[in-house]
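Peer 1: So that we are looking at the same thing, I have put the structure below in structure tokens.
The values are calculated or read from the model by the stated rules, or taken from the named source; none is laboratory data. Model, not experiment: these values are computed from the prediction. Every residue, glycine as well, gets a Cβ built from its backbone with ideal geometry; the counts of neighbours run over all protein chains shown. Please note that ligands, DNA and RNA were not included when accessible areas were found on the heavy atoms of the full protein model with its side chains. Shrake-Rupley method; radii C 1.70, N 1.55, O 1.52, S 1.80 Å.
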Amino acid sequence: MIKLKNMFLDGALFQANSVLEIKGVAVNSKAERSVDIVLSGKVFVGASTTADSCGRFSVKIKTPCASFDEYDLTVKCGGEAKTVKNILFGELWLASGQSNMEMRNFDQTDKQKLFDLVRDKKIRMYHAVYHHRNNAGDFPWEPDEYAPGYWVNSDDDKNLEENSAVGLRFANDIYDHLNDGNDVPVGILDASWGGTSMRSWLPKDAVEGDEKILNILKKLSQFPSIDDWNKKGEGNYQQLSAQYNIKIAPLEGAKVRGIIWYQGETDIGGEFANRVYSDYLRFYHKVYAKRFAADEENFFMISSLIYPAWKYGDSGECGVGYVNRAFVETAKEAPDKFIAVPNYDLKSSWAYYLDNHPIHPTHKYPLADRMADLALKNVYGKAAKEKHPAYMESYEVCGNKIMIKFAEALGGLEIKGENARALYAAGEDGIYLPASARADGAVLEIWCDEINDIKHAAYSVQSMEPFGNIWAGEYPVQPFFTDKENEIFIQSRPWYDMEKTSFWASGAHIEGHEKDVFYRPIWLADKESSVCRDDAFTLEGYSLRVEGENERFGCYVRSYLYNELDLMNFDKLSVNIYALDPMKAALRLKTNDGDIVIPIEEKEKLIGGWRTFEAGLSGIKKDASISEMHFEFEQQGGAFRFVNIEKVRLYK
């Protein structure tokens, strides 16, 4: 009996114009014997080798050009033969990472549209199956080259449902471009595992040969010995090389054009101190290029950024920003090897059957479209002005503004909407406030009226802010932050922007609701009151209308994780109010020590009945915990009981 790696099955697809290593075992062979390899089809390829005393053999063959022609591979040893039928040669990619790459087509609401698109195309996916579903099970210490897997054809909807949504959509987009007048099959090697760290995808033998990575892992106590192997319980699947040994080692011998990668959530935390994820990325690319690249000089790792919709930290930490920085920096340093794909702008959607976990957004097809577009431009020569999303090249503090210069923004920057979102500025004290911006070509001019000593800016780095809106050409710009010396904390202040009616917030402060992270209303109405956004009756674009059934009415903002009401760090609150006289106003803060009521007093008349009011905050204890911020109004007499408010701001 002849045993081949499981990727050598009927219906396989391998990289064209490359090299394919065929490894196997002549199980019944008890002596060295000749092994003959024949690839037959439009062209004929033959090769011979000798099995060792254990029956093991390996031989490399040159693969034919891409075409829709089917080939058969026959391996003969002694009087036995094994034939693999219906093999195609075309463009092959590796899709790997953790749960967001693993996420199935089954989880996509529009999967049937994609299945209909791919049905008659020469697209195939190899699915590296789980070693076992129990993360606490035993993982092999050495690579298991014969771990199971199976090939899926493009007309097999049932099995396509179980394969990577990003992978299949990516393959479809690549296929459509390459097959404009050509016959080029496209394949995906789907090898992912939810919750895995990057170290689990690194081969141990390569780590042992790299002093830098070896020392990092030893310092972090993540380089195991055989004595403590499989002693991590439910963490066994995170061990160094655990995933490589069962999902990647079985693919060795095949060559691929490049890698699409979606991983990093598990490595969030401690990156500010260790800053090792960039080192992992470079090492991963180097090792995989050597082992899998069809062309080492043109081998890209196309990585999705981590979607900023989950609470990576207790409050205000920008852990997701530090991992995303690693992707952006490696792409900046080596644009011929790495592509970082921003995704923070994509519409949030979740699958109810995945427990609505916000770490798993289901917008995988739009993300795959963007990854494929960048692959086509960088790998396959699709004409383009910009081959990478624009990124911060440099910055300069000019007076009380910060000027950010972008590279790759050849068509200039664009802020999509009334205001820039997810953009913040900070002074010397490191307290970040929502900032304003103006785009001028490839330069972003940033300021914040409430900060007199502006020093730093940050964009789309907060762990729970999935709606940035600064673009350059076809892509949103890469996230950035200018402070590389201090750890960044950013509290979201969605009530700064009256254009927004909802924001992304966590209910983790409610026991048992750790995954309760979804859109919530920004402004809530007090008893016998109502609130709505007013697009017409406004001073600077949008205002909030607050109405009451009685003389006293009001509205309030609730504190949430990453949207904590840290008013104790400021001297005053300012707000523009339109109201008919007579009107009284007060700020009521609900704290852990009881309510604090602060008068809201008129400071400046504006136009058309609008006035600026202020409330002093210096009397709030520094250790106060504020759960709600209420604006309370009283109007006596008259035909109307309402006010319009806008431009709520904090000042130091």
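Peer 1: Could you run through the stretch 457-475 and say how many residues are outside any loop (DSSP other than H, G, I, E, B) and either surrounded by fewer than 23 Cβ atoms within 10 Å (Cβ to Cβ) or at pLDDT below 95 (or both)?
Peer 2: So the count comes out to 3.
Peer 1: Count, please, the residues in the stretch 319-342 that happen to be under 14 Å from the mean Cα position of the chain (by Cα), not in a strand (DSSP E or B) and not charged (D, E, K, R).
Peer 2: Matching residues across the stretch 319-342 total 10.
Peer 1: Right, something else. If a residue must be of a type in the set (D, E, K, R), open to solvent by 50 Å² or more (accessible area, probe 1.4 Å) and under 35 Å from the mean Cα position of the chain (by Cα), how many such residues does the stretch 624-651 contain?
Peer 2: Residues that pass the stated criteria total 1.
Peer 1: Can you tell me which residue is nearest to residue 492 (Cα to Cα) among those in the stretch 513-536 that are open to solvent by less than 70 Å² (accessible area, probe 1.4 Å) and in a loop (DSSP other than H, G, I, E, B)?
Peer 2: Only one residue fits best here, namely 522.
Peer 1: Kindly provide the set of residues from the stretch 179-196 that are assigned to a strand (DSSP E or B) and under 14 Å from residue 89 (Cβ atoms), ordered by number.
Peer 2: Listed by number, the residues that qualify are 186, 187.
Peer 1: Out of the residues in the stretch 32-51 that are under 14 Å from residue 78 (Cβ atoms) and open to solvent by 50 Å² or more (accessible area, probe 1.4 Å), state the one that is modelled with the lowest pLDDT.
Peer 2: Among residues in the stretch 32-51 that are under 14 Å from residue 78 (Cβ atoms) and open to solvent by 50 Å² or more (accessible area, probe 1.4 Å), the one modelled with the lowest pLDDT is 32.
Peer 1: Let me spell it out: the conditions are (1) at pLDDT 95 or above; (2) more than 21 Å from residue 4 (Cα to Cα); (3) not small (Gly, Ala, Ser); (4) not in a loop (DSSP other than H, G, I, E, B), and residue 84 meets all of them except one. Which number is the exception?
Peer 2: Tallying (1) at pLDDT 95 or above; (2) more than 21 Å from residue 4 (Cα to Cα); (3) not small (Gly, Ala, Ser); (4) not in a loop (DSSP other than H, G, I, E, B), residue 84 fails exactly one: (2).
Peer 1: Consider residue 299 carefully, then state whether it is of a type in the set (Phe, Trp, Tyr) and surrounded by fewer than 23 Cβ atoms within 10 Å (Cβ to Cβ).
Peer 2: Yes.
Peer 1: Please verify whether residue 288 is closer than 30 Å to residue 490 by Cα, crowded, with 22+ Cβ neighbours inside 10 Å, among the hydroxyl-bearing types (Ser, Thr, Tyr) and modelled with pLDDT of 95 or more, treating the condition exactly as stated.
Peer 2: no
Peer 1: Here are 34, 40, 96, 18: which of them is in contact (Cβ under 8 Å) with a residue 12 or more places away in the chain and farther than 30 Å from residue 182 by Cβ?
Peer 2: Matching residue, one of 34, 40, 96, 18: 34.
Peer 1: Looking for whichever is more than 21 Å from residue 127 (Cα to Cα) and open to solvent by less than 10 Å² (accessible area, probe 1.4 Å) here; the options are 240, 202, 214, 251. Which one fits?
Peer 2: After applying the criteria, what remains is 240.
Peer 1: Being of a type in the set (A, V, I, L, M, F, W, C), surrounded by 15 or more Cβ atoms within 10 Å (Cβ to Cβ), over 33 Å from the mean Cα position of the chain (by Cα) and in a loop (DSSP other than H, G, I, E, B) narrows it down to one of 573, 539, so name that one.
Peer 2: Answer to the selection: 539.
Peer 1: For residues in the stretch 152-199 being within 22 Å of the chain's Cα centre (by Cα) and of a type in the set (Phe, Trp, Tyr), which is farthest from residue 265 (Cα to Cα)?
Peer 2: It comes out as 170.
Matching residues to (1) within 27 Å of the chain's Cα centre (by Cα); (2) of a type in the set (Lys, Arg); (3) open to solvent by less than 10 Å² (accessible area, probe 1.4 Å):
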site	(1), (2), (3)
65	no, no, no
71	no, no, yes
75	no, no, yes
78	no, no, no
81	no, no, no
88	no, no, yes
97	yes, no, yes
110	yes, no, no
119	no, yes, no
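Peer 1: For the structure I just gave you, tell me whether residue 197 is surrounded by 14 or more Cβ atoms within 10 Å (Cβ to Cβ) and under 30 Å from residue 86 (Cα atoms).
Peer 2: Criteria not met by residue 197.
Peer 1: Taking the residues in the stretch 13-31 that are hydrophobic (A, V, I, L, M, F, W, C), in contact with a Lys or Arg (Cβ under 6 Å, 6 or more places away or on another chain) and crowded, with 17+ Cβ neighbours inside 10 Å as candidates, determine which candidate is nearest to residue 289 (Cα to Cα).
Peer 2: Checked the stretch 13-31; the qualifying residue nearest to residue 289 (Cα to Cα) is 13.
Peer 1: Here is a further query. Which numbered condition trips up residue 3, out of (1) within 24 Å of residue 258 (Cβ to Cβ); (2) open to solvent by 30 Å² or more (accessible area, probe 1.4 Å); (3) not acidic (Asp, Glu)?
Peer 2: So the condition that residue 3 fails would be (1).
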